[in-house]
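Asks: I'd like to ask you about the structure that follows.
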Amino acid sequence: MQVSSRHIDTWLTLQSNLGRAPNTIAAYSFALRDYQQFCSDQNTCVDIASREQVSQYVRNLLDRRVSKSKGISSSLFANATIRQRITVVRLFYDYLIEEGLRTTNPVRRGNQFNNRNRRDIRAIVPIQHKMPWIPNQEEWQRLLAEAQGMSLRNRLMLTLAYDGGLRREELCLLNTKAKRDRIVPYSASTGQLLL
């Protein structure tokens, strides 16, 4: 296990030297140490792990419970967390290949395209696309009742966001320092709030 630890430490130092943010380095370190522990529990060295070990690690992540406060563990890892950990492991194996320490990467790349722009290879952990939340009639009525008690500014922001389909960041950047023009459609009732 010392050889793996040395390679992990070297790769993390390289990432830091390349200017990766401290939080990114911390996330990389956490992911690799977790993978290293998993491999150790399976009596396998990270440096020589195969696709089989990687698939077992994915299964472990999919089944593992997340520790919550007060020692209670209830929910599973989020899909994005699992994808992030697998990406870090893939990047580490890319480094080992570049250094001549491996010839293949046991973590295949997903979502590659063939010459017809169709997906040829599926990702190890597919991306989950969640449908947007749309309030029902009762929820809309509660929102509108709550908005009536808000300041004029907040009511205007709410109606502009609704009319223009703006995200919070887009709404806050309507009046930018870059002085870029932005056309945002709005309804007659929103126009009344602008007056």
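The values are calculated or read from the model by the stated rules, or taken from the named source; none is laboratory data. Owing to the predicted nature of the structure, the values given are computational and were not obtained by experimental measurement. For neighbour counting, all protein chains shown are included, and Cβ atoms are generated from backbone atoms with ideal geometry for every residue, glycine included. Ligands, DNA and RNA are stripped out before the accessible areas are found, and what is left, the full protein with its side chains, is counted by its heavy atoms. Shrake-Rupley method; radii C 1.70, N 1.55, O 1.52, S 1.80 Å.
Asks: Apply the Karplus parameterisation 6.51 cos²θ - 1.76 cosθ + 1.60, with θ equal to phi minus 60°, to every residue of segment 98-106 and state each ³J(HN,Hα) to the nearest whole Hz, in sequence, with x for glycine and proline.
Replies: After applying 6.51 cos²θ - 1.76 cosθ + 1.60, I find 4, 7, x, 8, 9, 9, 9, 9, x Hz.
Asks: While we're on this one: Just to check I understand the Karplus step: with θ = phi - 60° and J = 6.51 cos²θ - 1.76 cosθ + 1.60, what whole-Hz values come out for segment 46-51, glycine and proline as x?
Replies: Using θ = phi - 60°, the values come out as 3, 4, 10, 4, 9, 4 Hz.
Asks: Further question: Between residue 62 and residue 194, what is the spin-label point distance in nm, taking each point 7 Å from the Cα along the Cα→C-beta axis?
Replies: Inter-label distance under the simple model: 5.1 nm.
Asks: Got a sec? What order do 39, 172 fall in by accessible area at 1.4 Å, biggest, i.e. largest, first?
Replies: I get 172, 39, largest accessible area first.
Asks: On the full set of protein chains, 1.4 Å probe, figure out the accessible area of residue 174 and give it in Å² to the nearest 10.
Replies: Roughly 50 Å² of residue 174 is accessible to a 1.4 Å probe.
Asks: Additional query: Placing one identical point scatterer on every Cα of segment 1-45 and ignoring solvent, what is log10 I(q)/I(0) from the Debye formula at q = 0.22, 0.31 Å⁻¹?
Replies: Log-scaled intensity ratios, in q order: -0.72, -1.08.
Asks: Ranked from the most accessible area to the least, with a 1.4 Å probe and all protein chains present, what is the order of 55, 4, 29?
Replies: Result of the area sort, largest leading: 55, 29, 4.
Asks: Ok, one more. In what sequence, largest accessible area first, do 98, 146 appear using a 1.4 Å probe?
Replies: Most to least solvent-accessible, the answer reads 98, 146.
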